[in-house]
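Some notes on the structure that comes next.
The values are calculated or read from the model by the stated rules, or taken from the named source; none is laboratory data. Note that this is a predicted model, so its numbers are computed, not measured. Here the Cβ positions follow ideal geometry from the backbone for every residue, glycine too, while neighbour counts run over all protein chains shown.
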Amino acid sequence: MTDEPDIEWECDRVGYAYTTRGRTIGESDILLHAGQTGDQYALHMDAEIARQSRYGQRIAHGTLTLSIALGLKFDTDQSKGVRISYGYDSVRYRKPVFIGDTISVKVEVTRSQMDEKRPGLRRIVETMDVVNQHGESVLFLEHILVRWV
């Protein structure tokens, strides 16, 4: 549902879509993320154990993939004014991301409406489909943002 008269910015309109630039995941990304979060799980950190897994190699943390995807989105976001993250829904890790994979994000506004309980606040929902260099979806989520109008 959309309240067209209240929309000021093109980036808040249902159907507004764009694709971010790509970003290649490096070993240093995984090591830094593991150090920051304390997530030292063997499939991220131990090449030998990962080689024996179903993936055959180390995989990036899901939260690392999510963090980089959000950074790509905000790097590309052409919006004017301030939109603030309110939360994330339907986060689904669909495929592993490996060292050397390049990810980009397909972003589309799927909902945009005034908040019924908070006057002057618009809630925008963007779907984010994170894809690898082969065009395969590796992560999907809905990013909820708010803007004071």
Exercise for review: Test residue 126 against the stated conditions and say whether it is closer than 18 Å to residue 10 by Cβ, of a type in the set (D, E, K, R), modelled with pLDDT of 95 or more and outside any loop (DSSP other than H, G, I, E, B).
Suggested key: yes
Point to revise | Residue list for the stretch 96-126, restricted to those being of a type outside the set (Gly, Ala, Ser), touching a residue at least 12 places away in the same chain (Cβ under 8 Å) and over 17 Å from residue 68 (Cα atoms) | key: 108, 109, 110, 111, 113, 114, 115, 121, 122, 123, 124, 125
**Study point:** Failed item, numbered, when residue 91 is tested on (1) surrounded by 13 or more Cβ atoms within 10 Å (Cβ to Cβ); (2) outside any strand (DSSP E or B)
**Key:** (2)
Review point. For residue 14, are the conditions met, namely being assigned to a loop (DSSP other than H, G, I, E, B), β-branched (Val, Ile, Thr) and at pLDDT 95 or above?
Key: yes
Review point. Of everything in the stretch 94-105 that's of a type in the set (A, V, I, L, M) and in a strand (DSSP E or B), which residue is nearest to residue 19 (Cα to Cα)?
Key: 105
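Residue-wise test of (1) more than 30 Å from residue 51 (Cβ to Cβ); (2) modelled with pLDDT of 95 or more.
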residue	(1), (2)
65	no, yes
68	no, yes
77	yes, no
84	yes, no
94	no, yes
102	no, yes
107	yes, yes
119	yes, no
132	no, yes
Exercise for review: Give the stretch 47-61 a look and list any residue that's outside any loop (DSSP other than H, G, I, E, B) and surrounded by fewer than 17 Cβ atoms within 10 Å (Cβ to Cβ), or say none.
Suggested key: 47, 48, 49, 51
